[in-house]
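Structure first, then comments.
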Amino acid sequence: MGLLSDTGKYFLLMKRVFVLPDRGRMFFRQFPKELEKLGLESLPIVIIISVFIGAIMTIQTKLNTENPLLPTYSTGLVTRDTLLLEFSSTIMCLILAGKVGSNIASEIGTMRITEQIDALEIMGVNSANYLILPKITAFVVMMPFLVIFSMAVGLIGGYLVGAFTDVITTADYLLGIQYAFIPYYVFYSIVKSVAFAFVISSVAAFYGYYAYGGALDVGKASTNAVVNGSILILFFNLLITNLMLN
Amino acid sequence: MIEVKNINKSFEENHVLKNVSAIFEAGKTNMIIGQSGSGKTVLMKSIIGLHRIDSGRIEYDGRNLPDMKMKEIRLLRREVGMLFQGSALFDSLSVLENVMYPLEMFSDFSKPEMIDRAYFCLKHVNLEEKAYGLAPSEISGGMQKRVAIARAIALQPKYLFCDEPNSGLDPRTSLVIDQLIHEITQEFDITTIINSHDMNSVMEIGENIIFIEKGEMAWQGNKDDIFHVDNEALNDFVFASELFKKVKATNQ
């Protein structure tokens, strides 16, 4: 019953969010700020995680495929496909659900409990549209760039393993990451990430917007946003993968 | 003028407002007083439309709020200013930007005109110019209330609501805020409704006082009448402190 009620509330909130802004210039003033806050400020964590995971994945793949029957380029190929198909879209989005989701939920939740949202409503502003629309659109716009960036940096991480260790040669690695490349995988990954970006930002905004009480409740809203956002990401991952790759 | 007629509001089994009727006059500081839990905040939020009432009428100069559609309510709210208990200033904006916000949202002013209007409002509440560029967290509670008043009057509202305007303020700053609200009310002929349980405020600026007891309107009058009332609940509430008992004895 609670799930049905929350789902209904979520869609009603989205109905209020996706209308033309009261003042276009206010939206376009807020939008670049959100691009910076939700997108550009996520770059450092994307870089750090991607480069390490790319490197670790290369080492582990090499160690697990020590077989003279397998071609030497297979390590690069497996690393590339894992990064493209799953890591840079799904795993990166799960990580960003924590960073961005909690940021959105706590910001909007704090505005709710300090009556700032009531103040907007009293002024006659559509608070849902004013606060949430720039966040969702900014994150949806930024996410494909973050994903492509993660793919590139992850591949560089694998290359560094070749350059600084004797696990794999750079020549084998470079051959592997170019071998049998399927551009559709990048498209599939971007489509997934756009859907996940929408899920992360809208679910977090929903929990923040309906936060009630005090600081503890904002923390609870933030936790709920991350947990439920992550579960929905996994669900949509299955759905989209089945639709696009099966 | 705002008139409420026989309004009822329940939260599940809890009947909070019971047939409340009252008139809030223009150009006067109308005060809703009552003990904690008496229903005064619910009454104010119902009048503004943050709570949907179960029955009754809430007329803003003849326009009945419960009959309005959301779009009409939004238009009406542009005639409303509100001072919240915790000021509710936007953290991400400076003092000046907070006051300019309603102008940017709803006026057709040019940028210099908006700045002029915001300066006028901030000067009206006696806020020093050096504070205009600061964030709300960088100014005192009393200053935050003044900024909130300046923001509330930026669009020249016809109706001003103040929810516990003195909470968390020292007695001297409370007095300044009370007088400021009173002056603005008279100067701009605003219908002001103040929700308070601060008896100093009531005695200072209460021109039309509505006493709420257990969700019912138990008394209506002004600050002079309050000394000569034989309503037991009102007397218990107003003259709870020794100071006000002495004031009453002096008046009688």
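Bear in mind these aren't lab numbers, they're just calculated from the coordinates by the rules spelled out. Owing to the predicted nature of the structure, the values given are computational and were not obtained by experimental measurement. Please note: Cβ atoms are built from the backbone with ideal geometry, for glycine as well, and neighbour counts cover all protein chains shown.
Close amide H pairs (under 5 Å, H built 1.01 Å from N) link residue B:209 with B:31, B:221, B:222, residues at least 5 positions away or on another chain. Working note: Karplus 6.51/-1.76/1.60 with θ = phi - 60° gives segment A:154-163 the couplings x, 5, 5, x, x, 4, 4, 4, x, 6 Hz, where Gly and Pro are set to x. Per-residue shielding of B:133-146, expressed as the average number of other chain Cβ atoms within 10 Å of the residue Cβ, stands at 0. Sorting A:173-183, B:20-30 by average packing, meaning the other beta carbons within 10 Å per residue, from highest down gives B:20-30, A:173-183. Other protein chain C-beta atoms within 10 Å of residue C-beta, averaged over B:78-85: 3.
Counting Cβ atoms of other protein chains within 10 Å of each Cβ in A:14-23 and taking the mean gives 1. Helices in chain B, meaning DSSP H runs of at least 4 residues, each add -39500 (n - 2.57). Divided by all residues, the mean residue ellipticity at 222 nm is -11500 deg cm²/dmol.
Around the amide H of residue B:161, modelled in the peptide plane, lie the amide H atoms of B:81, B:82, B:83, B:193, all under 5 Å away and 5 or more residues distant in sequence or on another chain. Annotation: peptides A:60-71, B:144-155, A:17-28, B:202-213, ranked by per-residue average of other Cβ atoms within 10 Å with the highest first, follow the order B:144-155, B:202-213, A:17-28, A:60-71.
As a rough guide to protection, the peptides B:44-57, B:167-180 ranked by mean Cβ packing within 10 Å, highest first, stand as B:44-57, B:167-180. Here the sum of -39500 (n - 2.57) over DSSP H runs of 4 or more residues, divided by the residues of chain A, equals -25500 deg cm²/dmol at 222 nm, to the nearest 500.
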